[in-house]
Amino acid sequence: MEFTAQQIAELIQGEIEGNAEQVIRDVSKIEEGRRETLTFLANPKYEHHIYNTDASVVIVNKSFTPEKPIKATLIKVEDAYQALAKLLQMYESSLPKKTGIEQPSFIADDAQIGDFVYVGAFAYISEKTKIGKNTQIWPGAFIGEGVEIGDDTIVYSGAKIYKHCKVGNNCIIHSGAVIGSDGFGFAPGPDGDYQKIPQVGNVILEDLVEIGANTTIDRATMGSTIIRRGAKLDNLVQIAHNVEVGANTVIAAQTGVAGSTKIGKNCMFGGQVGIAGHIKVADGTKLAAQTGVGGAIKKEGTTLMGSPAFNAMEYNKSYVIFRKLPDIYKQLQELKKKITEK
Amino acid sequence: MEFTAQQIAELIQGEIEGNAEQVIRDVSKIEEGRRETLTFLANPKYEHHIYNTDASVVIVNKSFTPEKPIKATLIKVEDAYQALAKLLQMYESSLPKKTGIEQPSFIADDAQIGDFVYVGAFAYISEKTKIGKNTQIWPGAFIGEGVEIGDDTIVYSGAKIYKHCKVGNNCIIHSGAVIGSDGFGFAPGPDGDYQKIPQVGNVILEDLVEIGANTTIDRATMGSTIIRRGAKLDNLVQIAHNVEVGANTVIAAQTGVAGSTKIGKNCMFGGQVGIAGHIKVADGTKLAAQTGVGGAIKKEGTTLMGSPAFNAMEYNKSYVIFRKLPDIYKQLQELKKKITEK
Amino acid sequence: MEFTAQQIAELIQGEIEGNAEQVIRDVSKIEEGRRETLTFLANPKYEHHIYNTDASVVIVNKSFTPEKPIKATLIKVEDAYQALAKLLQMYESSLPKKTGIEQPSFIADDAQIGDFVYVGAFAYISEKTKIGKNTQIWPGAFIGEGVEIGDDTIVYSGAKIYKHCKVGNNCIIHSGAVIGSDGFGFAPGPDGDYQKIPQVGNVILEDLVEIGANTTIDRATMGSTIIRRGAKLDNLVQIAHNVEVGANTVIAAQTGVAGSTKIGKNCMFGGQVGIAGHIKVADGTKLAAQTGVGGAIKKEGTTLMGSPAFNAMEYNKSYVIFRKLPDIYKQLQELKKKITEK
């Protein structure tokens, strides 16, 4: 690729400060910027790099005021991160897309395959499935019986979708993700052995959902486990049976949600969070990494921390004192002694 | 499907209260109950739904006494959850089962394949393997050299079993599970580089074991990593080399057990639990979610919590005070001041 | 196999105490030692087994002084664990290695495949890839477009490597590992919907890296996510985009590292550790299992614990008092009462 700063600025409606004719041929991170590359500054933590970067063009927020001279050409936009997203999306959509059916693959006779679909070699598409147009099923992916997948969705190599699950439009399912495995349900018998509760429900992913690599989403015992429109799940996340994840909720890696819990919309969970079963989590809840939620969260928009979780600011206050506990204990013993001596 | 309440009651030895001729055509969750569906009530948390549900028939415990009138027909049994398990099992076993060898698949010449086995397309069955009768190897599964699998076992799509592992009868291994990967063993060399300790043991799954999606069980350095009869492992669980998991022990998602630890029978671990290596965990131990076990648990049947773990009731008592720490600290400083002033 | 103690001693430059002609035919764990097997003692926790083991030959450290008579023949070496590593490596390298291309597999016309490579059935090797000599690509593995893999590397069954990633020499990638999935990057839009930031970077694994089963390593947004020479990652680890893991750093199972964090060399992390994004972790840092690191670790060689993490010894001291909190609270109230009464 080769663009001028001027061309980039037009694509993202930005204002140029510096050499509008500056050419860029690649992108780079600001801390590793190379000549003739484009980079961006959004996180203030990285601001000091802008004064030394060798990148030739930097997209910045309009609100950014340099403290020192900058040799790179700047493109000022309302939101540098969004502008970058837009640019990279344009770049990606300019790349050629795979279509067609590679051999050997396995496609059941009654599978309905839309136009411009890509089916990679060793992909398996079962009976009674429907695959929408422009959708890509990468090599080695497995699509179970009766599964329906919408348009413009990508199922990467080796992802598995068990029978009767439904996937919307514009979804991305990364390699190794498992959608629709059995929920973890057993009835304890009198002899200590467990009876399996067959899981006869499914999983529904609505539109614009992204599922990370090796994430697992169990099918419902009855009814559906549901991931609502626009929700984004990172890698190695566990979603148990009958859970519901609200629209545009973002869940970082290695988080687990136990059975039948309903998570609201616009939530943000850090990594390694655990959420108990059969509870409701209010819209807009934020959970710090490694938080453990044991009970319902009723108030919208709160930030929690700790295990069991409570208000994050209060957790931090308590934790500061936790670190002083040996000293506090000593002080208390001294006080007791003093008082007893009196 | 179509049954009357009477027919269902006979299958599960229940007693009818209401319309014995009521027809049901599907199952549903009590909170989403629809007309002409069967549902159940086991968890008291959901009791309030029974007074409003549109489900036509509800299986309940004999001990359940309604507080208000219920329009649905009730079927009363000793244990509603077990009765449901039994019904759903009857339903599942009535579905047609896959058998036969799909093409293309890879089956070594000397593999021994039992009667009524299903081998899906792209499944790989190595040399010197034995696959018992009625066992299903789904598409894309990998069965390593010398692996033995019993009868009536299901290995779902894309599960991987490394060489020399043994799987019993009536096991279920979900998609993406990896059985027999190398244990994590390295000997530090003088130059800081690590020497790999080749892992020459295997993994043994006894009968009636269920392994969740993307769970990993490492082979032993020498000898065997063993999952005993009836143990159930949820998704994304990590079992390190030389671990032993006792019979009928249930391990929830994202739990990890470090090397050479021996876990007793009838244990129940919540999600995201971590257990250190080279320790013993007594029979019947219960661990709350996110517990971290650093040392042996000797007393049978205790419930632990926290990291490092101790008695759950005491943990909760301490945690209540943890939340008051800023206030306690303040009180202590005031007391000190008072005493010094005196 | 069949060796005498004498032969083994020569291979590992050890000194024999006992019967040099003793024959061994297999290896075993010391606690399960059987006649005519070889075992070892390195961890002092297992010392008591040496006095009862039925194993015929035991490799021990030179520094080991028995407290009681031992019936087994001893082979004394500088470092028993390293000597075992060496022996098992010799054993493994004596086993026949798979080479050749199995059918059906998918290899793009322009893929460059080195000598003595093994490509298993159902493996998929994309366009513009380079696979070095002696490298093994097991059944069902996926190698994306433009991927380069060095010599003597093993990619086990069902591992997936996305486009443009680079893997060095002598690496091992276990089943189900996903290398190069998209980093988790989204720009929040004004309507609450998220815009995907296309991830145009890659992942680089340097030489001698081992990646555990079902571990996930995301590609960089721009530039590279890098795992340096000799680093060892256990199963189910999550490495986010733009992370760097230093040389010879060892990361136990289920640990997660958030985006753009730089981890030094020679670190050791226990299981289920979580590390926040955009920070630096100094060389030689040790983290106890379940530690949560929220900020930079600047001092080399420290051991941390807790969430948020601090010095492990201090954490333990505080935690001891945490367990006494209910009692401390009571004492404090009594003191207050006493003082007020005075």
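The values are calculated or read from the model by the stated rules, or taken from the named source; none is laboratory data. Every value quoted in this text rests on a predicted model; they were computed, and no experiment measured them. Backbone-built Cβ (ideal geometry, glycine too); neighbour counts: all protein chains shown.
What residue, among those in the range B:32-46 that are surrounded by fewer than 15 Cβ atoms within 10 Å (Cβ to Cβ) and either over 30 Å from the mean Cα position of the chain (by Cα) or more than 23 Å from B:Gln89 (Cβ to Cβ) (or both), is nearest to the other protein chains (Cβ to nearest Cβ)?
B:Lys45
When you go through (1) at pLDDT 95 or above; (2) within 28 Å of A:Thr261 (Cβ to Cβ); (3) exposed (fewer than 14 other Cβ atoms within 10 Å of the Cβ) one by one for B:Glu15, which number turns out not to apply?
Among (1) at pLDDT 95 or above; (2) within 28 Å of A:Thr261 (Cβ to Cβ); (3) exposed (fewer than 14 other Cβ atoms within 10 Å of the Cβ), the lone unmet condition for B:Glu15 is (2).
When the residues of the range B:138-152 are narrowed to those that are surrounded by 21 or more Cβ atoms within 10 Å (Cβ to Cβ) and away from every other protein chain (no Cβ under 13 Å), which ends up nearest to B:Asn202 (Cα to Cα)? Full working, then the answer.
Within the range B:138-152, the subset surrounded by 21 or more Cβ atoms within 10 Å (Cβ to Cβ) is B:138-144, B:147, B:149-150.
Then keep just the ones that are away from every other protein chain (no Cβ under 13 Å); that gives B:149-150.
Numbers: B:Ile149: 13, B:Gly150: 16 Å.
Filtering first and then ranking leaves B:Ile149.
Where the second residue is among the basic types (Lys, Arg) and assigned to a strand (DSSP E or B) and the first is closer than 14 Å to A:Lys86 by Cα and not assigned by TED's automatic domain parsing to the domain that holds A:Tyr81 and lies in the range A:3-17, which pairs have Cβ atoms under 6 Å and are six or more apart or on separate chains?
Pairs that qualify, where the first residue is closer than 14 Å to A:Lys86 by Cα and not assigned by TED's automatic domain parsing to the domain that holds A:Tyr81 and the partner is among the basic types (Lys, Arg) and assigned to a strand (DSSP E or B): there are none.
Assuming A:Gln89 fulfils every condition listed in (1) outside the structural domain of A:Gly259 (by TED's automatic domain parsing); (2) modelled with pLDDT of 95 or more apart from one, which condition is it?
With respect to (1) outside the structural domain of A:Gly259 (by TED's automatic domain parsing); (2) modelled with pLDDT of 95 or more, A:Gln89 is out only on (2).
Pairs, please: C-beta under 8 Å, at least 6 apart or cross-chain, first residue under 30 Å from B:Lys86 (Cα atoms) and in the range A:200-213, second surrounded by fewer than 22 Cβ atoms within 10 Å (Cβ to Cβ) and charged (D, E, K, R)?
From residues that are under 30 Å from B:Lys86 (Cα atoms), the pairs are A:Val200/B:Glu92; A:Asn202/A:Lys163; A:Asn202/A:Lys166; A:Val203/A:Lys166; A:Ile204/A:Lys166; A:Leu205/A:Lys166.
Identify, from the list C:Glu210, C:Glu206, the residue that is crowded, with 24+ Cβ neighbours inside 10 Å and within 17 Å of the chain's Cα centre (by Cα).
C:Glu210
Does C:Tyr118 satisfy being out of contact with any His (no Cβ under 9 Å at 6 or more places or on another chain), closer than 21 Å to B:Gln199 by Cβ, of a type in the set (Ser, Thr, Tyr) and at pLDDT 95 or above?
Yes: the conditions hold for C:Tyr118.
Please tell me if A:Tyr91 is at the interface with chain C (Cβ under 10 Å from one of its Cβ atoms) and in contact (Cβ under 8 Å) with a residue 40 or more places away in the chain.
yes
Please indicate, with yes or no, whether at least one residue in the range B:325-338 is touching a Phe, Trp or Tyr at 6+ places or on another chain (Cβ under 7 Å), facing chain A (nearest Cβ under 9 Å) and farther than 15 Å from C:Gln331 by Cα. Show your work before the answer.
Quick first cut of the range B:325-338, residues touching a Phe, Trp or Tyr at 6+ places or on another chain (Cβ under 7 Å) only: B:325, B:328.
Still in the running and facing chain A (nearest Cβ under 9 Å): B:325, B:328.
Still in the list and also farther than 15 Å from C:Gln331 by Cα: none.
Within the range B:325-338, none of the residues are touching a Phe, Trp or Tyr at 6+ places or on another chain (Cβ under 7 Å), facing chain A (nearest Cβ under 9 Å) and farther than 15 Å from C:Gln331 by Cα.
Among the listed residues C:Ala247, C:Ala240, C:Ala231, which satisfies the condition of being in the same structural domain as C:Lys166 (by TED's automatic domain parsing), within 10 Å of the chain's Cα centre (by Cα) and not acidic (Asp, Glu)?
Matching residue, one of C:Ala247, C:Ala240, C:Ala231: C:Ala231.
So, of the residues in the range C:291-304 that are within 14 Å of chain B (Cβ to nearest Cβ) and part of a loop (DSSP other than H, G, I, E, B), which turns out to be surrounded by the most Cβ atoms within 10 Å (Cβ to Cβ)?
The qualifying residue surrounded by the most Cβ atoms within 10 Å (Cβ to Cβ) is C:Thr291.
Regarding the range A:275-284, can at least one residue be identified that is touching a strand residue (DSSP E or B) at 6+ places or on another chain (Cβ under 8 Å) and either within 13 Å of chain C (Cβ to nearest Cβ) or at positive phi (or both)?
Scanning the range A:275-284, I find no residue that is touching a strand residue (DSSP E or B) at 6+ places or on another chain (Cβ under 8 Å) and either within 13 Å of chain C (Cβ to nearest Cβ) or at positive phi (or both), so the answer is no.
When the residues of the range B:18-31 are filtered to those that are farther than 24 Å from A:Ser260 by Cβ and touching a residue at least 40 places away in the same chain (Cβ under 8 Å), which remaining residue is surrounded by the most Cβ atoms within 10 Å (Cβ to Cβ)?
B:Gln22
Name the residue that is farthest from C:Ser157 (Cα to Cα), counting only residues in the range B:168-197 that are touching a Phe, Trp or Tyr at 6+ places or on another chain (Cβ under 7 Å) and surrounded by fewer than 21 Cβ atoms within 10 Å (Cβ to Cβ). Working first, answer last.
Step one: of the range B:168-197, the residues touching a Phe, Trp or Tyr at 6+ places or on another chain (Cβ under 7 Å) are B:173-175, B:179-181, B:186-188, B:194-197.
Checking which are surrounded by fewer than 21 Cβ atoms within 10 Å (Cβ to Cβ) leaves us with B:186-188, B:194-196.
On the way: B:Phe186: 22, B:Ala187: 26, B:Pro188: 28, B:Tyr194: 24, B:Gln195: 23, B:Lys196: 20 Å.
In this case the residue turns out to be B:Pro188.
Looking at B:Gly294, B:Gly264, B:Gly271, which one is of a type outside the set (Ser, Thr, Tyr), in the same structural domain as B:Phe184 (by TED's automatic domain parsing) and touching a Pro at 6+ places or on another chain (Cβ under 7 Å)?
So the residue among B:Gly294, B:Gly264, B:Gly271 that is of a type outside the set (Ser, Thr, Tyr), in the same structural domain as B:Phe184 (by TED's automatic domain parsing) and touching a Pro at 6+ places or on another chain (Cβ under 7 Å) is B:Gly294.
Scan the range C:103-139 for residues that are more than 14 Å from C:Ile154 (Cα to Cα) and among the polar types (S, T, N, Q) and jot them down.
Listed by number, the residues that qualify are C:Gln103, C:Ser105, C:Gln112, C:Ser126, C:Thr129.
How do the strands (runs of 3 or more DSSP E) wholly within the range B:114-228 filter down when requiring 1 or more residues that are under 22 Å from C:Val209 (Cα atoms) and of a type in the set (A, V, I, L, M, F, W, C): which remain?
Ranges flagged: B:178-181, B:186-188, B:216-218.
Here's the yes/no breakdown for (1) assigned to a loop (DSSP other than H, G, I, E, B); (2) free of Cβ contacts under 8 Å to residues at least 60 places away in the same chain:
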residue	(1), (2)
A:Asn235	yes, no
A:Ser260	yes, yes
A:Asn266	yes, yes
A:Gly284	yes, yes
A:Ala289	yes, yes
A:Tyr329	no, yes
A:Leu335	no, yes
A:Thr340	no, yes
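How many residues does the range B:250-269 hold that are at the interface with chain A (Cβ under 9 Å from one of its Cβ atoms) and surrounded by fewer than 24 Cβ atoms within 10 Å (Cβ to Cβ)?
Result for the range B:250-269: 3.
Just name the residue that is surrounded by the most Cβ atoms within 10 Å (Cβ to Cβ) out of those in the range C:126-137 that are within 20 Å of A:Ala121 (Cα to Cα) and more than 10 Å from every other protein chain (Cβ to nearest Cβ).
If we take residues in the range C:126-137 being within 20 Å of A:Ala121 (Cα to Cα) and more than 10 Å from every other protein chain (Cβ to nearest Cβ), then C:Ile137 is surrounded by the most Cβ atoms within 10 Å (Cβ to Cβ).
Pairs only if they're at least six apart or on different chains, beta carbon under 7 angstrom, first in the range B:132-154 and in contact (Cβ under 8 Å) with a residue 60 or more places away in the chain, second surrounded by fewer than 24 Cβ atoms within 10 Å (Cβ to Cβ); list them, first residue then second.
none
Out of all the residues in the range A:289-342, which are of a type in the set (Phe, Trp, Tyr) and within 16 Å of A:Ile275 (Cβ to Cβ)? Step through it out loud before you land on a result.
Step one: list which residues in the range A:289-342 are of a type in the set (Phe, Trp, Tyr), which gives A:310, A:315, A:319, A:322, A:329.
Residue satisfying the conditions is A:Phe310 alone.
Return only the number of the condition from (1) closer than 30 Å to A:Lys130 by Cα; (2) facing another protein chain (nearest Cβ under 9 Å) that A:Ala111 does not satisfy.
(2)
Given (1) among the charged types (D, E, K, R); (2) touching a Phe, Trp or Tyr at 6+ places or on another chain (Cβ under 8 Å); (3) buried (at least 17 other Cβ atoms within 10 Å of the Cβ), where does C:Lys86 come up short, assuming only one miss?
Of (1) among the charged types (D, E, K, R); (2) touching a Phe, Trp or Tyr at 6+ places or on another chain (Cβ under 8 Å); (3) buried (at least 17 other Cβ atoms within 10 Å of the Cβ), only one is false for C:Lys86: (2).
Please verify whether the range A:93-106 includes one or more residues that are surrounded by fewer than 20 Cβ atoms within 10 Å (Cβ to Cβ) and under 22 Å from the mean Cα position of the chain (by Cα).
Looking through the range A:93-106, at least one residue is surrounded by fewer than 20 Cβ atoms within 10 Å (Cβ to Cβ) and under 22 Å from the mean Cα position of the chain (by Cα).
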